[in-house]
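Quick notes on the structure that follows.
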Amino acid sequence: MKLTVKLGILRQINQAKGGLKISYRIGAFSKAVRISEHTLRYYEKEGLIVPHRTSSNIRYYTEDDRLWREYILHMKETGMSLQDLKRYSELLRMGDTGVEELTELLIQHRKKVEDK
């Protein structure tokens, strides 16, 4: 894997797949998703966003992370608590083993939204 840094964007060229993935360093990503670097670090600390790391331990974020950030924002706007968002994130990372609890969490959240 070859890494090139340019204007805050980290481009990963995965030669095995022959594709180009564009990833963002924290400053560029914070601008792209319109939140501060401090908030991104807080989300990382809380387990809401798990950035990737280079071999030099530099954080970078992908398009999937951007979409996940949008989803987190949407769920916050519907009133989902930080605690539930953290649990939701954990359950997603668990894969199939967390599906039942994840489903129950979403059902409970829907009920709270409908009751408002």
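With respect to the cross-link table entries LYS45/LYS111; LYS76/LYS112; LYS86/LYS112, which display a Cα-Cα separation exceeding 19 Å?
Working: LYS45/LYS111 29 Å; LYS76/LYS112 13 Å; LYS86/LYS112 17 Å.
From LYS45/LYS111; LYS76/LYS112; LYS86/LYS112, over 19 Å: LYS45/LYS111.
Which percent of the Cα-Cα distances in segment 26-115 go past 14 Å? Each step should come with its number before you reach the end.
Values: 2727 of 4005 pairs.
The answer is 68 percent, as a whole percent.
Computed from the coordinates by the stated procedures, all read-outs in this text should not be read as laboratory data. Since the model is a prediction, treat every value here as computed from it, not as a measurement.
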